[in-house]
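Enquirer: So that we are looking at the same thing, I have put the structure below in C-alpha cells.
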Amino acid sequence: MSFGLTAQQRQMIGTVRELAQAEFRNDALKYMDGTFPWENMRKLAGLGVLGMSVPEEYGGMGLPVFDTALILEEIAKVCYVTAMAVLGEAGVQTRVIATYAPDSIKQRVLPKVCTGECILAICMTEPHAGTDVANYRTNAVVKGERVILNGTKTLISRAAEAGMFVVFTRIDGRPGREGIGCILVEPQTKGFAVTGNYHTMGGENLHEVQFNDCELPLENLVIREDGFRKLLSAFNTQRCLNPSISLGLAEGAFDETVSYVREREIFGKPLSASQGVRWKLADMYKDIEAGRGLLYRACATANPFPDPFLAASAKVFCNEMSIRVTSEAVQLHGGYGFTDEYLVSRLYRGARYGSLGGGASETLRDLIGKKIVTDWQRGDGILGLGDELGAVGE
C-alpha cells in the first residue's frame, strides 16, 4: 500500500510549506489573543487553498480529502489558529453547501469562500447538547415559503467573522435523530445575534449565537430529511481533516525539538548526546509515523467520503498522539518550552483541541467498539479495507 504523491501534489504542498514557514511561523504569536488571521487567509486564498473543497464549477479546486489533509498538515506545523481558520473553509460546512444546497446558494456563497470573502461557521453544539445530537432544542418551523428559526448554539468558531452560518437544527419539532436538518443563516438576518465570547487556550475565540424568530427563505433549508445520516457522512471527512491538523502540530513540535536538542548544550555536550533524549525523539518519531500511516490510509478511502471506521480510528489516534508528542517537545525545551515565545508551547495548546471537536475520543471509541462487537467476523481480513462495517455512528 503506497501513499506516493504526484508531481502536482508535491508542488502544491511545497508552495504552501514555503509560505507557512517563511511568513506564518514568525507571526503566529500575534494571533494568540483571538485575532483572526485575515492576512494569512488572503495569502492562502491567492494560492487557491480556501477553495480546496469547492467544486471547480464554482471557482474552487475540488481537491480530494487526501490533498486537503496534506495542506492543512503543513499550515498546522507553524500556526494552529490559521489551520483552524482554513478548516472552516475546507471542512464539513463547505461540503454541506457543495453537496446539498440549491444551485442559487452555491453560486452565491462558494465563489466567495474561495476568495476568502465569505468565512463559514458551523453551528452544532448547544449549551446542553454537544455530541448528543438527538437532544437538540434549536428548531426550524416551515411556514409556506419561509422558515422560522429559534434556539441557541455555543462554542462556535469564527462566529464574529462569518458571512454564513451552517446550522444543524430540529425541523418542525420532529423528535430524535430523524428530526435533524440543516439551514443556512446570514449574520444580517433579523433576530440573529453573536453573544458570549470564550477565549481558548489554543488562541481562538469561540462564541455563542442566538436565533430569535429568524425568518429565512425556504431555499436556505438545505437538509430537510435524513439530516442525521447526511451529517454523519459529511463528518467522516471532518474526522480526517481534524487529525491532519493534529498530525501537523506534532510534526511542527518534532521539527522544533530536533533543532533545539542539537544546539542546546548541557554539561559541555549537546542535549542530543543524551541517550534518554534520543529515546524520547525515537518515540515521538514512531508516534508521528504511525499516525500518518493511519490517517493517510483513511483519507485514501474517500469516495467521496472516507471509510467511517478508519476515519474515526485515525482521529482518535492522531488527536491523542499529538498531545503526547507536543508535551514531550515542551519537556525537552525545558523552561523555554513553557513560554509563549517558543512555538512548541503554542503547538501544545493547540493539540489539546483535537480530541474535543468533531467527535470526542470517548464517543468515537464507543462507536468503534460497538461496530467491532456487532459486525466483526473472524477471518474476514483487515478492518477498514472495505465497507463491511457500514457507517460508524449509524
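Enquirer: Region 156-228: which trypsin sites (Lys or Arg not before Pro) are DSSP loop and have at most 10 other beta-carbon atoms within 10 angstrom?
Expert: Hits after loop and neighbour filter: 190.
Enquirer: A further question on this structure: Please say if region 86-156 is rounded, prolate or oblate, where rounded means a/c under 1.5 for a ≥ b ≥ c the square roots of the C-alpha gyration tensor eigenvalues, and otherwise the choice is prolate for a/b larger than b/c and oblate otherwise?
Expert: Taking the square roots of the gyration eigenvalues as a ≥ b ≥ c, region 86-156 is oblate.
Enquirer: Could you give the Stokes-Einstein D for region 138-273 in µm² per second, using the C-alpha Kirkwood radius, 37 °C, 0.692 mPa s?
Expert: 183
Enquirer: Continuing with the same structure: I need the shape label for region 167-210. Rule: rounded when a/c is under 1.5, else prolate if a/b > b/c, else oblate, with a, b, c from the alpha carbon gyration tensor.
Expert: Working: a/c = 3.07, a/b = 1.67, b/c = 1.84.
Oblate, because a/c is 1.5 or more while a/b does not exceed b/c.
Enquirer: A 19 angstrom limit on the alpha carbon distance is what I want to check against. Which of 30/315; 143/190; 30/112 exceed it?
Expert: Checking Cα-Cα distances, 30/315; 30/112 exceed 19 Å.
Enquirer: Among the aspartates and glutamates, which have Cα under 18 Å from the Cα of residue 371 when same-chain residues fewer than 8 positions away are ignored?
Expert: 307, 362, 380, 387, 388, 394
Enquirer: Could you work out which residue, out of 232, 271, 19, moves most in a Gaussian network model of the chain, that is, has the largest mean-square fluctuation with Cα springs under 10 Å?
Expert: 271
Enquirer: Pick out which of 268, 335, 203 has the largest mean-square fluctuation in a Gaussian network model of the chain, springs linking Cα atoms closer than 10 Å.
Expert: Answer for the Gaussian network model of the chain: 268.
Enquirer: Compute the relative contact order of region 120-225 as a whole-number percentage, counting only Cα pairs closer than 8 Å that sit 6 or more residues apart in sequence.
Expert: Result for region 120-225 is 32 percent.
Enquirer: Something else about it: List the relative contact order of region 7-115 as a percent without decimals, with contacts defined as Cα pairs under 8 Å and 6+ residues apart.
Expert: Across region 7-115, relative contact order equals 33 percent.
Enquirer: Per DSSP H run of at least 4 residues, take -39500 (n - 2.57); add these up for the chain, divide by its residues and hand me the 222 nm value, nearest 500 deg cm²/dmol.
Expert: -15000 deg cm²/dmol
Enquirer: With a ≥ b ≥ c the root eigenvalues of the C-alpha gyration tensor of region 224-279, is it rounded (a/c under 1.5), prolate (a/b larger than b/c) or oblate?
Expert: Taking the square roots of the gyration eigenvalues as a ≥ b ≥ c, region 224-279 is prolate.
Enquirer: Which Cα, out of 327, 311, 232, lies furthest along the positive dipole direction of region 228-375 (beta carbon charges, K/R +1, D/E -1)?
Expert: After comparing all options, I get 232.
Enquirer: Oh, and also: Mind checking the dipole of the chain: about its Cα centre, +1 per Lys or Arg Cβ, -1 per Asp or Glu Cβ, Debye to the nearest 20?
Expert: The dipole of the chain has a size of about 360 debye.
Enquirer: In what sequence, highest mean first, do 279-287, 343-351, 95-103, 358-366 appear when ranked by Cβ atoms within 10 angstrom? Walk me through the intermediate numbers first.
Expert: Numbers: 279-287: 15.4, 343-351: 26.0, 95-103: 19.1, 358-366: 17.1.
By packing density, highest mean first, the sequence is 343-351, 95-103, 358-366, 279-287.
Enquirer: Please report the spacing between the Cα centers of region 1-66 and region 272-339 in Å, no decimals.
Expert: Answer, in whole Å: 21.
Enquirer: Let me ask something else about it. Determine the relative contact order of the chain: mean sequence separation of Cα pairs under 8 Å and six or more apart, normalised by residue count, in whole percent.
Expert: After rounding, I find 16 percent.
Enquirer: Only helices at least 24 Å long along their axis, Cα-based, and averaging 0.0 or more on Kyte-Doolittle count here, so list those DSSP H runs from the chain. Don't jump to the answer; show the numbers that get you there.
Expert: Values: long enough: 227-263 (54 Å, -0.06); 275-300 (37 Å, -0.32); 308-332 (36 Å, 0.59).
Span-like helices here: 308-332.
Bear in mind these aren't lab numbers, they're just calculated from the coordinates by the rules spelled out. From a predicted model like this one, the values you see are computed outputs, not experimental measurements. Neighbour counts run over all protein chains shown; Cβ positions are idealised from the backbone, glycine included.
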